[in-house]
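Single-structure report; data block below.
The values are calculated or read from the model by the stated rules, or taken from the named source; none is laboratory data. All values reported here derive from a predicted model rather than from experimental measurement. FYI the Cβ positions are ideal-geometry reconstructions off the backbone, even for glycines, and counts take in every protein chain you see.
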């Protein structure tokens with residue numbers, strides 16, 4: 001039996017408070033993670049390095065789903081937002097390292113920019129779970 005409960009996880013990122021959002025939300029059989037960058041608190045990891053930023057951002061997103069008892073194998077979709085098309089290969093390498101055995105559907109989009117111009121990568125993921133886990 002599926003629960004109608006919705007659970008939210010905060011990461012402590014200051015923008016969550018400023019914008020009024022959660023790092024991850026579990027609803028039904030899905031856990032959604034969005035707006036995840038290489039910031040941890042006030043520190044941007046991998047400044048100028050799209051590979052490192054992608055790795056940190058996706059690792060943070062995976063940490064968010066772990067709050068619901070989920071592992072990378074639960075990920076069914078990823079979205080990667082980049083500020084430069086030239087960074088596709090570097091970011092793709094980071095994605096492959098984390099998700100090669102999982103093979104979620106994936107979208108890569110090039111955007112004009114982010115709220116902080118040092119951010120090169122922002123990621124989202126969607127994970128599937130049984131209602132009993134959330």
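Below, the figures for the structure above:
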item	result
Segment 23-39 - residue that is in contact with a helix residue (DSSP H, G or I) (Cβ under 7 Å, 6 or more places away or on another chain) and at pLDDT below 90 and, of those, surrounded by the most Cβ atoms within 10 Å (Cβ to Cβ)	24
Residue in segment 105-128 that is surrounded by the fewest Cβ atoms within 10 Å (Cβ to Cβ), counting only those that are in contact with a helix residue (DSSP H, G or I) (Cβ under 9 Å, 6 or more places away or on another chain) and free of Cβ contacts under 8 Å to residues at least 40 places away in the same chain	110
Enumeration of residues in segment 90-104 that are loosely packed, with under 15 Cβ neighbours inside 10 Å and either farther than 14 Å from residue 53 by Cβ or in contact with a strand residue (DSSP E or B) (Cβ under 6 Å, 6 or more places away or on another chain) (or both)	96, 100, 101, 102, 103
Hits in segment 69-91 (condition: part of a helix (DSSP H, G or I), closer than 22 Å to residue 116 by Cα and either under 14 Å from the mean Cα position of the chain (by Cα) or touching a residue at least 12 places away in the same chain (Cβ under 8 Å) (or both))	85, 87, 88, 90, 91
Considering residues of segment 45-68 that are part of a loop (DSSP other than H, G, I, E, B) and modelled with pLDDT of 95 or more only, the residue surrounded by the most Cβ atoms within 10 Å (Cβ to Cβ)	46
